[in-house]
Amino acid sequence: MLRATLKNLLFRKLRLLLSGLAVVLGVTFVSGSFVLTDTLGRSFDDLYALQYRTVDVQIRPAPPKSTTEDDDEIRTGVPADLVTRVRSMSGVAAATGVISVDGARVIGSNGKVVTTNGPSRLGSNWIGENDLVRLRAGRAPADGDEVVLNAALLDAAGVEVGDRVGILTMQPKRTFTVVGVMEYAGGRDSLGGNLEVSFHESVAARLMLGRDEVYSAVDVEPAAGFAPGAVRDDVRAALGSEFRVQTGAELQATARKDAQSDLQLFNGILLAFAAVSLLVGIFLILNTFSILVAQRTRELALLRALGGSRGQVIGSVVLEAIVIGVTAAAVGLGLGVGAGTLLAWLFSTRGGTGLELAGVGVPSAAPIAAFGVGVLVSMVAAVSPALRASRIPVIAALQEAATPDRSLAKITVAGTAVAALGATILAVGYSRDGQPWFAGAGAVAAFIGLLLLTPALARPAVSRIGRVFSFGAAGQLGRLNSARDPRRTAITATTLMVGIALITGMNTVLASINASVRDRVTDTMMADLIVAGDTSLADDPPTFDPAVLERIRSLPGVAAVAGTYQSQAQIEGNPASIAVVTDIPALAHMRSIKTTEGTLADLGTDRVAVDERTARERSLHAGSIVTVKLAYGDARHLTVAAVYTGGEGVAPWLMPKSVVKDLAVPQLSGVDLTVTGVVPFEDVRRDVETLLRDSPEITVTDRDGYIKRQTSQYDLVVTMSQILLALAVLIAVLGVINTLALSVLERTRELGLLRVIGLSRGQTMRMVTVEAVIISVFGAMLGTVSGTGLGAAAVRTLEASGITTVAVPWSRITLYLSLGAAAGVIAAVLPAARAARTNALDAISYE
């Protein structure tokens, strides 16, 4: 039996290839994800080891109630006099004040701000050359009008030593002379793609931290004979909890942990692709083995007649699955190593990171997952056909026909019950008193029920779909063939259905988010123009000179203006986003802000407003007292003057204008304005843009532009979903090719008889093509319908986040149905060509 099975596999090499290809794709993504994250992880380890090679002990401001830090906490700074104090401590050889803060934006030779795809745009103080930093060309800055750029920034900005460049910091735009170019150890142009500007000591603190006589950190060098850990403990004991004191090794470990957390995103995306391909692969292999068992009815029955047991028949089918799984896993592992290596290279060279890759390695998890997943998926898909093969009666060996059609009654009843249960749960989830997660659970149950009902739906559905394509005798035959075996048609269509359902569901959610944002903005945004920067390129919003506000106010045609400062604060010890508005009544009108308690007329110096949701979460009311700690200054106790609703895009806390001086970045982040109509709208817009010519990161948009900016953050998700769709369509094409190829082989005699009675080669190809298109369109229709339902259910669970409008992406649904038809045409090429080449005389004598 073992020899017979192996010879059977070798005889049908094409079947082995088609069956294993879907598993190869899934295993490629699984193993590739492990190779990618391992390679990037070790590369970041090397980067952080280099970055902190000169740091023995470092002092930074301690973020309240948190183990992380952000730029607002860094900008609170370490007082300059602390450097002298630490320097005089026992065991300390030197203490150096360091400024290194994200937010130095250089304006390139093209007049635009130089941006990155993630790495920081650092502003630092020049402290001289050391083991990490050295000058490649030029000299150090001699005064506050000169800067040194790292080599990566010099190239990105398109400037040279001696050029004048504009730089945006916490201060309004200033122009500096580039006097030097710096590089890092090993001749690197950057550290992980960072862009760095080194200012003269006299201006660095004012530009990057907003005030003089402060540093973002203090580097401490232990005296001879003192270990970094001991010095850390002594300094920590002397300074107390106000500062965080860490060794270079601890800083490196923290940075490594953050990088590994970020890498999980890449890993998750790849594993999502792997899950889809493996899920669809199960249906593909299940269909393949189902067809093969039907075709080998006489062969397996003869084996039973010759003494083979049921266990041996099951073992024969399962062994084929194991061989397919092992072969596919080995090929997928090899491709995964290559894919992971390629993605790591693209990340370092084309992703704007400038990361220097460590050697490519294959972690043990990659082969374990590859072979575990590959073999498991193949065996799971082969179980049902194997059991069915073992039940083939010996008498079937004497019959010409294959196995008779099995009744669909049981699976139809089961599918109806599961679908009804899902619909009931879904209805409860959509009811007013139902829990949102009910909708999700009901949608999943209904989807499973639909999968079970697919065979029952196949025959009537494909018969009706086929009428569109069934003109002529060849088209009629293709339509009848597609409805001949509803189980086979259902499983083949499911390979496309699952992928398109996932993508349609995702696009329904995204379309609903966009529609909800548009509806909300249309109903609440009354501002004619919104002045703000793109927040997708940095954690902090771009800012600009507050002096611009009065100039905008004085422009002809401007009716009302409200400027906004945005920052972070600690409120009752918890991080919170805050906003300071220059004209709250004007903003209340332009953003549809309404009070439910108290009044917004005058916040005064010791009053604050909070949105209704935050007030409810923290049990606050008008008159409540809250403790607020800003970036600078002492903690202050403020009275809640009002609780408000509305305020599209406004921070949950509104602070009085008196706190601007204590914000981390005391510059405007946005301006809303309305126009009178006396001056043409575009003229007002052009005048505002002229006033902002020194702030190239800031744009002036109308409401449509604001909506586009709010929804652009989902563009990457849309792109990834289209890649996922391409993968699903590819596997679906493989499934249809496999089904048709095996079906053509199964119908060899039938094809020969058709050719004998006059069916031409062209008609034969058209018959097979029509069959493929019908099956593919059926799968695409099921996918779009079920995916839309899943997406609508997911939107129901997001109502608490303000996503209340369910939108159906009709244009994309039309595209997916078209892709389904195209997939059928592509899948039919090889099987149709093979069918057309069938020799009529050989076919009718086929056994």
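Points to keep in mind about this one:
- Filter pass, residue 146 being without any contact (Cβ under 8 Å) to a residue 24 or more places away in the chain and not assigned by TED's automatic domain parsing to the domain that holds residue 52: no
- Residue count, the stretch 182-215 (criterion: of a type in the set (S, T, N, Q), under 16 Å from residue 127 (Cα atoms) and in contact with an Asp or Glu (Cβ under 9 Å, 6 or more places away or on another chain)): 1
- Pairing residues of the stretch 812-828 that are charged (D, E, K, R) with residues that are crowded, with 17+ Cβ neighbours inside 10 Å and in a helix (DSSP H, G or I), at Cβ distances under 7 Å and at least 6 apart in sequence or on separate chains, gives 812/507.
- Among the residues of the stretch 575-593, none qualifies, meaning not one is touching a residue at least 40 places away in the same chain (Cβ under 8 Å) and touching a Pro at 6+ places or on another chain (Cβ under 6 Å).
- Count - residues of the stretch 635-656 that are in contact with a helix residue (DSSP H, G or I) (Cβ under 9 Å, 6 or more places away or on another chain) and either closer than 26 Å to residue 169 by Cα or of a type outside the set (A, V, I, L, M, F, W, C) (or both): 11
- Scoring residue 145 on the criteria (1) surrounded by fewer than 21 Cβ atoms within 10 Å (Cβ to Cβ); (2) under 30 Å from residue 345 (Cα atoms) leaves a single failure, condition (2).
- Residues that are charged (D, E, K, R) and part of a strand (DSSP E or B), drawn from the stretch 600-612: 607, 611
- Residue 763 meets each of the listed conditions (1) over 29 Å from residue 472 (Cα atoms); (2) out of contact with any Asp or Glu (no Cβ under 7 Å at 6 or more places or on another chain); (3) surrounded by fewer than 20 Cβ atoms within 10 Å (Cβ to Cβ); (4) not acidic (Asp, Glu) apart from (1).
- Only one of 641, 615, 651 that is small (Gly, Ala, Ser) and assigned to a loop (DSSP other than H, G, I, E, B): 651
- Residues of the stretch 601-660 classified as β-branched (Val, Ile, Thr), surrounded by fewer than 19 Cβ atoms within 10 Å (Cβ to Cβ) and over 18 Å from residue 563 (Cβ atoms), total: 7
- Matching residues in the stretch 657-680 - criterion: being touching an Asp or Glu at 6+ places or on another chain (Cβ under 8 Å) and modelled with pLDDT under 90: 664, 665, 667
- Residues satisfying the stated conditions in the stretch 618-641, i.e. in contact (Cβ under 8 Å) with a residue 60 or more places away in the chain and of a type outside the set (Gly, Ala, Ser): 629, 630, 632
- Taking residues in the stretch 758-777 that are in contact (Cβ under 8 Å) with a residue 40 or more places away in the chain and not assigned by TED's automatic domain parsing to the domain that holds residue 826, and partners anywhere that are buried (at least 24 other Cβ atoms within 10 Å of the Cβ) and assigned to a helix (DSSP H, G or I), not one pair has Cβ atoms closer than 6 Å while being at least 6 places apart or on different chains.
The values are calculated or read from the model by the stated rules, or taken from the named source; none is laboratory data. Only a predicted model underlies this, so the values are computations on that prediction, with no experimental measurement involved. Note that we place each Cβ from the backbone using ideal geometry, even for glycine, and neighbour counts take in every protein chain shown.
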